Amino acid sequence: MREDTIAAVATAAGEGGIGIVRISGDEALDILNKVFVPVSENIKNRFLSYGHVKDPSTGKVVDEVMAVYMKGPHSYTAEDVVEIQCHGSSVSLRKILDLVLKNGARLAERGEFTKRAFLGGRIDLARAEAVMDLISSRNEFARKTSAAQLQGAVSSKVKELREKILYEIAFIESALDDPENYTLEGYTDRL
């Protein structure tokens with residue numbers, strides 16, 4: 001569907017115990033294999049692997065990390081996704097992201113992972129909007145509302161209303177096409 005592989009820091013700015021660099025696209029696993037050296041096993045779908053991110057040009061260890069590969073379409077973006085979980089310093093995150101970008105990815109635009117999830121059919125537009133609402137929620141009411149929308153509350157209601165509207169349209173068209181067998185008497189009040 002898309003031709004390029006994107007990457008970005010997926011955790012909030014600032015320092016923390018853990019930071020995540022996310023890679024999404026056809027080349028995600030290839031890029032990971034260029035910068036990640038597992039300690040014991042090769043990367044498997046949906047399993048965390050312990051190892052080190054190394055700079056391919058110098059061979060030096062950048063950070064001790066856990067990496068996970070999620071084969072599409074069973075991922076957030078519906079394409080191949082890799083997440084590198086490293087120490088959460090901005091220096092480590094920046095260095096790892098730079099290595100990923102140098103090895104074939106391009107920097108993701110703001111909201112592009114969710115855009116790809118929408119374009120890949122993983123989520124609908126209402127759910128895509130709910131992701132941003134949930135991220136920016138400032139109180140419990142906003143969080144609950146966004147979480148419900150993310151779970152499909154709005155989408156389900158829209159689908160239900162759409163089905164009712166389509167039924168009524170079909171009824172009206174049938175009545176216009178075959179007025180002898182369909183009556184519109186009292187229909188306006190019912191509608």
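A few remarks follow.
- Filtering the stretch 81-103 to residues that are closer than 16 Å to Leu29 by Cβ and either at pLDDT below 95 or in contact with a Lys or Arg (Cβ under 6 Å, 6 or more places away or on another chain) (or both) leaves Glu83, Asn103.
- The set of residues in the stretch 106-137 that are under 23 Å from Glu3 (Cβ atoms) and open to solvent by less than 70 Å² (accessible area, probe 1.4 Å) comprises Ala108, Gly111, Glu112, Phe113, Thr114, Arg116, Ala117, Gly120, Gly121, Ile123, Ala128.
- Condition check for Lys54: touching a strand residue (DSSP E or B) at 6+ places or on another chain (Cβ under 7 Å), loosely packed, with under 11 Cβ neighbours inside 10 Å and at pLDDT 95 or above: no
- Taking every residue in the stretch 114-139 that is aromatic (Phe, Trp, Tyr) and pairing it with any residue that is outside any helix (DSSP H, G or I) and surrounded by fewer than 17 Cβ atoms within 10 Å (Cβ to Cβ), at least 6 positions away or on another chain, the pairs with Cβ-Cβ distances below 9 Å are Phe118/Asp124.
- Taken over the stretch 152-168, the criterion of being without any contact (Cβ under 8 Å) to a residue 24 or more places away in the chain and out of contact with any Leu (no Cβ under 7 Å at 6 or more places or on another chain) is satisfied by Ala153, Ser156, Lys157, Lys159, Glu160, Leu161, Arg162, Glu163, Lys164, Ile165, Leu166, Tyr167.
- The stretch 168-180, residues that are part of a helix (DSSP H, G or I) and surrounded by 10 or more Cβ atoms within 10 Å (Cβ to Cβ): Glu168, Ile169, Ala170, Phe171, Ile172, Glu173, Ser174, Ala175, Leu176
- Only listed residue being more than 20 Å from Val131 (Cβ to Cβ), in contact (Cβ under 8 Å) with a residue 40 or more places away in the chain and among the small types (Gly, Ala, Ser), chosen from Gly51, Gly14: Gly14
- Here Ile6 meets the list (1) without any contact (Cβ under 8 Å) to a residue 24 or more places away in the chain; (2) touching a strand residue (DSSP E or B) at 6+ places or on another chain (Cβ under 9 Å); (3) within 15 Å of Ile96 (Cα to Cα) almost entirely, failing just condition (1).
- Of the criteria (1) out of contact with any Cys (no Cβ under 8 Å at 6 or more places or on another chain); (2) open to solvent by less than 30 Å² (accessible area, probe 1.4 Å); (3) closer than 24 Å to Phe47 by Cβ, which one Tyr76 fails: (2)
- Tallying residues that are in a strand (DSSP E or B) and either open to solvent by 50 Å² or more (accessible area, probe 1.4 Å) or not hydrophobic (A, V, I, L, M, F, W, C) (or both) within the stretch 83-105 yields 4.
- Positions within the stretch 17-37 being open to solvent by 40 Å² or more (accessible area, probe 1.4 Å) and in a strand (DSSP E or B), in sequence order: Gly17, Ile18, Arg22, Val37
- Boolean, Lys60 is touching a Phe, Trp or Tyr at 6+ places or on another chain (Cβ under 9 Å) and over 11 Å from Gly19 (Cβ atoms): no
- Answer residue from the stretch 57-73, given it is assigned to a strand (DSSP E or B) and open to solvent by 10 Å² or more (accessible area, probe 1.4 Å) and is nearest to Asp124 (Cα to Cα) among those: Met70
The values are calculated or read from the model by the stated rules, or taken from the named source; none is laboratory data. These numbers come from a predicted model, not from an experiment. When we count neighbours, we look across all protein chains shown, and the Cβ atoms used for this are built from the backbone with ideal geometry, even at glycine. The protein model used for the area step is the full one, side chains on, heavy atoms only, and it has no ligands, DNA or RNA in it. Shrake-Rupley method; radii C 1.70, N 1.55, O 1.52, S 1.80 Å.
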